[in-house]
Amino acid sequence: MQTIIQIISNALAVSISAYLLPGLDFSGSWWQLMLAGAILGIINTFIKPILKLIFSPFILITLGLFTVVINTSLLILVALIVPGLSISGFWPAFWGVIIISLTNYAINTIIGYKEE
């Protein structure tokens with residue numbers, strides 16, 4: 001059940017980002033939006049920890065701010081995989097990550113979900 005909630009939360013966050021940001025566009029159907037949420041969750045579960053381990057010196061030097069660069073890169077990777085999702089540069093992806101993070105935080109706070 002938590003996985004389904006996380007996929008829906010990611011999909012909603014991507015949709016909100018696409019609505020608010022010029023340069024981050026989503027022109028697909030609802031199932032492609034769910035696919036984007038699922039792929040974002042899979043990438044965050046499996047690839048992000050590996051990248052955080054590899055780039056841990058940079059994360060320590062920047063006091064954690066390099067994590068935003070990693071998240072931005074992963075969102076661009078999602079856009080390359082998911083049809084209908086396009087990002088036209090680093091800054092739309094950067095602000096998209098900020099909006100997605102805040103949206104997921106708000107949704108998880110409202111429903112009382114805590115990551116383990």
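Bear in mind these aren't lab numbers, they're just calculated from the coordinates by the rules spelled out. The structure presented is a predicted model; accordingly, all values stated were derived computationally and were not measured. Cβ sites come from the backbone with ideal geometry, for glycine too, and all protein chains shown count toward neighbours.
Observations on the structure shown:
- For the chain, adding -39500 (n - 2.57) for each run of n ≥ 4 DSSP H residues and dividing by the number of residues yields -25500 deg cm²/dmol at 222 nm.
- The phi torsions of the stretch 59-76, fed into the Karplus equation with coefficients 6.51, -1.76 and 1.60 and a -60° offset, translate into couplings of 5, 5, 5, 8, 6, x, 5, 5, 4, 5, 5, 4, 4, 5, 4, 5, 5, 5 Hz, rounded to whole numbers, with Gly and Pro shown as x.
- Debye log10 I(q)/I(0) for the stretch 2-111, one point scatterer per Cα, at q = 0.10, 0.15, 0.18 Å⁻¹: -0.27, -0.60, -0.86
- The packing ranking, built from the mean of other Cβ atoms within 10 Å per residue, places the peptides 82-92, 59-69, 100-110, 33-43 in the order 33-43, 82-92, 100-110, 59-69, highest first.
- The slack in the chain from Leu63 to Leu77, taken as 0.36 nm per residue of separation less the alpha-carbon distance, amounts to 2.6 nm.
- Normalised by the number of residues in the stretch 1-74, the mean separation of alpha-carbon contacts (under 8 Å, six or more apart) gives a relative contact order of 29 percent.
- Computed 3J(HN,Hα) for the stretch 96-101, one whole-Hz value per residue from the Karplus formula 6.51 cos²θ - 1.76 cosθ + 1.60 where θ = phi - 60°, is x, 4, 4, 5, 4, 4, glycine and proline marked x.
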